[in-house]
Amino acid sequence: MNSDCSLRFTIEETPTDVQVLSLAADVEGRLVIASAQSELKLEGILLVELAFFLAHWLRVGGEFNYAAMDMEEQPVLAFIPQTDGTALVRSVLSEESLHVPLDGLTLAAKSYIEQLSEELSANYGIDVAPVIERNLRYLANRRT
């Protein structure tokens, strides 16, 4: 099975004054989920907030549902594991959906977090890693 899958982003808006509490709401951009066959393009995504959800999903597995704090319709992005080792990727922001290899999606999510962290650090002086870690601890404590 081809594990060709990627999550690419373009940062379109960043905070002028970096506040850790508002970082998730202030970094916005475009997200492209690509497979070998097609792409799903989403506009107006809160990129750091998405990284929180992806990091949590990578730890706990299962179905992924990203419900953005600034959008009424949900889920903004969902990965629904299928029995054949793929995941159905869908969003309320698009009429399209994708089937991608689940292992490729996992690698793409890890790469997304790393690349977003690197770009925010290099181009904007924002260290997002501690913010993601703090969010993961919060989510872990909330579940217990």
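The values are calculated or read from the model by the stated rules, or taken from the named source; none is laboratory data. Not measured: the values here are computed from a predicted model. With ideal geometry, Cβ positions are generated from the backbone for all residues, glycine too; neighbour counts draw on all protein chains shown. For the accessible areas, the whole protein counts, side chains as well, though only heavy atoms, and no ligand, DNA or RNA atoms are used. Shrake-Rupley method; radii C 1.70, N 1.55, O 1.52, S 1.80 Å.
As I understand it, the value is the acute angle between the Cα axis of helix 102-124 and the longest principal axis of the Cα atoms of the chain; what does it come to in degrees, rounded to 10?
Value to nearest ten degrees: 20.
In square angstrom, what is the accessible area per residue of the chain with a 1.4 angstrom probe?
54 Å²
Tell me which label goes with the value of Cα Rg over 2.2 N^0.38 Å computed from the coordinates here: (i) 1.01; (ii) 2.56; (iii) 0.96.
Among (i) 1.01; (ii) 2.56; (iii) 0.96, the one calculated here is (i).
Nearest 10 degrees is fine. How inclined is helix 129-143 to the longest principal axis of the chain, computing both from alpha carbons?
Computed tilt is about 70 degrees.
How high is the relative contact order of the chain? Use alpha-carbon pairs under 8 Å, at least six apart in sequence, and give a whole percent. Don't jump to the answer; show the numbers that get you there.
Working: 245 pairs, mean separation 32.4, N = 144.
Normalised by residue count, the contact order of the chain is 22 percent.
Within the accessible area of the chain, what % is carbon and sulfur when the probe is 1.4 Å and the other protein chains stay in place?
Numbers: 3630 of 7830 Å².
On the chain, the fraction of accessible area on carbon and sulfur atoms equals 46 percent.
By how many nm would the segment from Ala25 to Leu107 lengthen if fully extended, with 0.36 nm per residue of separation less the alpha-carbon distance?
Contour length minus the Cα-Cα distance gives 27.0 nm.
Just subtract the alpha-carbon distance of His99 and Ile80 from 0.36 nm times their residue separation and send over the number in nm, one decimal.
Numbers: separation 19, 0.36 × 19 = 6.84 nm, distance 0.93 nm.
Once the chain is fully extended between His99 and Ile80, it gains 5.9 nm.
Using only Cα atoms, figure out Rg for region 82-123 and give it as a multiple of 2.2 N^0.38 Å.
So region 82-123 has a normalised radius of gyration of 1.47.
Nothing charged except the Cβ atoms of Lys and Arg (+1) and of Asp and Glu (-1): what's the magnitude of the dipole of the chain about its Cα centre? Round to the nearest 20 debye.
Dipole of the chain, to the nearest 20 debye: 620 debye.
When the helix-only estimate is applied to the chain (DSSP H runs of n ≥ 4, each -39,500 (n - 2.57), divided by the residue count), what is the mean residue ellipticity at 222 nm, nearest 500 deg cm²/dmol?
So the helix-based figure for the chain works out to -12500 deg cm²/dmol.
As I understand it, the value is the acute angle between the Cα axis of helix 47-60 and the longest principal axis of the Cα atoms of the chain; what does it come to in degrees, rounded to 10?
Roughly 60 degrees, rounded to the nearest 10.
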